[in-house]
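Worksheet for the structure shown next.
The values are calculated or read from the model by the stated rules, or taken from the named source; none is laboratory data. Everything numeric here is computed off the predicted structure, so don't read it as measured data. Virtual Cβ from ideal backbone geometry, glycine too; neighbours counted across all protein chains shown. Surface areas here come from the heavy atoms of the whole protein model, side chains and all, with no ligands, DNA or RNA. Shrake-Rupley method; radii C 1.70, N 1.55, O 1.52, S 1.80 Å.
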Amino acid sequence: SRGGAEVKIFAPNIEQRDVVNHLKGSPAEEKRNVLVESARLARGNIQDLAELKASEFDAVIFPGGFGVAKNLCSWAVDGKNCTVNEHVSSTLQAFHSAKKPIGLCCISPVLAAKVFPGCEVTVGQDKNIDGRFPDAETASAIAELGCKHICKNVNESHVDKANKIVTTCAFMCKAPLHEIFDGIGTMVQEVLKLA
C-alpha cells in the first residue's frame, strides 16, 4: 500500500497441518483453519484463495513463515518432494501465464521452485555464514529441483526477469528485524516495478 497499490488478502480455506503454542514452543491439541487464522492477521478483510482471479490483479505476493512450509505445501515434512496446495499452484500458474509479477519471501520461494522448474529464486545464502543462515540447505534442494538459487543478503531481493518472480530470504536469515524489513521492502518495490 505504501507504493500506491490496492491490497487484497487471500488464504486457502483448509485445516492447518497442526497448531503450535508459540509461547511454549510446543504442539497444541486443537484444530484451526488457515483462512480463519489468516483473518485474524488481516482483521477480517480476507477472501478464500479459491476465489482469487488473476485477471483482477496486477501482481501477487506470498508471505513466508513456517505456515507456508506446512499448509501451502508440504515442504516442512517432505522437503523437495513436497506437494503444493492446488489453489496455491493454480494461483501461481495463473499469474505466471498472464506474465504478471510474483513476489515470494522467506520459505515461499520453494513454491516457485516446485511449480516453475528452471526459475531463479533466493532463500538467502547456500552456506550457513556466521550462523545467520541455518536453513542454507534449502538452496541445495532448490537446485536439485532444477532451479537456480541466487545467493543474496537479507536486505536484498532477486528478480528473475524471464519469469517475473521476485524473491527475498526474510526470516531464512537470523538478522535484526530492520534488515528483514528492508529485504521484504525491496521485494515489494521490485514486484511493483514489474506490475
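Among the conditions (1) under 27 Å from Val77 (Cα atoms); (2) over 15 Å from the mean Cα position of the chain (by Cα); (3) not in a helix (DSSP H, G or I); (4) not charged (D, E, K, R), the only one that Ala94 does not satisfy is (3). With respect to the stated conditions, Val20 is over 18 Å from Cys105 (Cα atoms), surrounded by 14 or more Cβ atoms within 10 Å (Cβ to Cβ) and of a type in the set (A, V, I, L, M, F, W, C). Among the residues of segment 15-53, the ones that are of a type in the set (Gly, Ala, Ser) and in a loop (DSSP other than H, G, I, E, B) come to 3 in all.
Note on segment 57-67: among residues that are hydrophobic (A, V, I, L, M, F, W, C) and modelled with pLDDT of 95 or more, the one that is most open to solvent (accessible area, probe 1.4 Å) is Ile61. All of Gly64, Gly103 fail the test of being under 24 Å from Gly183 (Cβ atoms), part of a loop (DSSP other than H, G, I, E, B) and in contact with a strand residue (DSSP E or B) (Cβ under 7 Å, 6 or more places away or on another chain), apart from Gly64. Would you check if there is a residue in segment 51-58 being out of contact with any strand residue (DSSP E or B) (no Cβ under 7 Å at 6 or more places or on another chain), aromatic (Phe, Trp, Tyr) and under 20 Å from Val188 (Cα atoms)? Yes, segment 51-58 contains at least one residue that is out of contact with any strand residue (DSSP E or B) (no Cβ under 7 Å at 6 or more places or on another chain), aromatic (Phe, Trp, Tyr) and under 20 Å from Val188 (Cα atoms). The residue of segment 73-89 that is surrounded by the fewest Cβ atoms within 10 Å (Cβ to Cβ), among those that are touching a Ser or Thr at 6+ places or on another chain (Cβ under 7 Å) and either hydrophobic (A, V, I, L, M, F, W, C) or at pLDDT below 95 (or both), is Cys82. Residues in segment 28-56 that are within 23 Å of Lys100 (Cβ to Cβ) and open to solvent by 40 Å² or more (accessible area, probe 1.4 Å): Asn45, Gln47, Ala50, Glu51, Lys53, Ser55, Glu56. When Ala98 is tested against (1) within 28 Å of Glu15 (Cβ to Cβ); (2) open to solvent by less than 70 Å² (accessible area, probe 1.4 Å), exactly one condition is not met: (1). Among the residues of segment 117-144, those identified as assigned to a loop (DSSP other than H, G, I, E, B), surrounded by fewer than 21 Cβ atoms within 10 Å (Cβ to Cβ) and touching a residue at least 40 places away in the same chain (Cβ under 8 Å) are Arg132, Pro134.
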